[in-house]
């Protein structure tokens, strides 16, 4: 009996994780208003009626999906930062090159939850907005870790620069969007990363374009 219960609990946990993962991609792709329970359950391969075995409401699903998306974002950024640091980049330059990588122009559903949803956040209710604010705070905290202590108070402004550059590049799309990303990478690194520890600008632009995000 215990084995049967354990298997049932594992199946439920697996289904729950699948719903959250699908929802985390969907909110980045379509926004809060573009995420319907029926569509999420269909994409997860589950019945619509099973939704309330996992969540009390659609709002609860959105909150958990945002948290999951934020955790995915931070893990992806940390991997990209570590890869570039091994190649001699400073932590700040590595963050800029990872966050403003050309691949993030089109891969919205796998990208930054803050960049995808920041314009919608003020229109949501308090609980959803509170989770959104936590995602912003987590991004600011990550940026702060790339700066020397004397400059960490600049983390909110630099986060805004990163997020805004990505949003505008996505709005432009194509060649113009990639050009804006390249210009933003170069400007941010030149302004905030010690020149003596960086590769040459041309090599940096090439590395940012071709390295993994």
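Check off (1) touching a residue at least 24 places away in the same chain (Cβ under 8 Å); (2) assigned to a helix (DSSP H, G or I); (3) surrounded by fewer than 18 Cβ atoms within 10 Å (Cβ to Cβ); (4) over 24 Å from the mean Cα position of the chain (by Cα) for residue 51 and give me the number that stays unchecked.
Checking residue 51 against (1) touching a residue at least 24 places away in the same chain (Cβ under 8 Å); (2) assigned to a helix (DSSP H, G or I); (3) surrounded by fewer than 18 Cβ atoms within 10 Å (Cβ to Cβ); (4) over 24 Å from the mean Cα position of the chain (by Cα), the one that fails is (3).
Please pick out the residue among 66, 41 that is part of a helix (DSSP H, G or I), in contact with a helix residue (DSSP H, G or I) (Cβ under 9 Å, 6 or more places away or on another chain), in contact (Cβ under 8 Å) with a residue 60 or more places away in the chain and closer than 15 Å to residue 18 by Cα.
Within the list 66, 41, the selection yields 66.
Starting from segment 108-120, keep only residues that are in contact (Cβ under 8 Å) with a residue 12 or more places away in the chain, then list their pairs with residues that are part of a loop (DSSP other than H, G, I, E, B) whose Cβ atoms are within a distance under 8 Å, requiring at least 6 positions of separation or different chains.
What qualifies is 116/31; 117/31; 117/32; 120/31; 120/32; 120/33.
Every number in this text was worked out from the coordinates using simple rules, so none of it is lab data. As the structure is a prediction and not an experimental result, all values here were calculated from the model. FYI the Cβ positions are ideal-geometry reconstructions off the backbone, even for glycines, and counts take in every protein chain you see.
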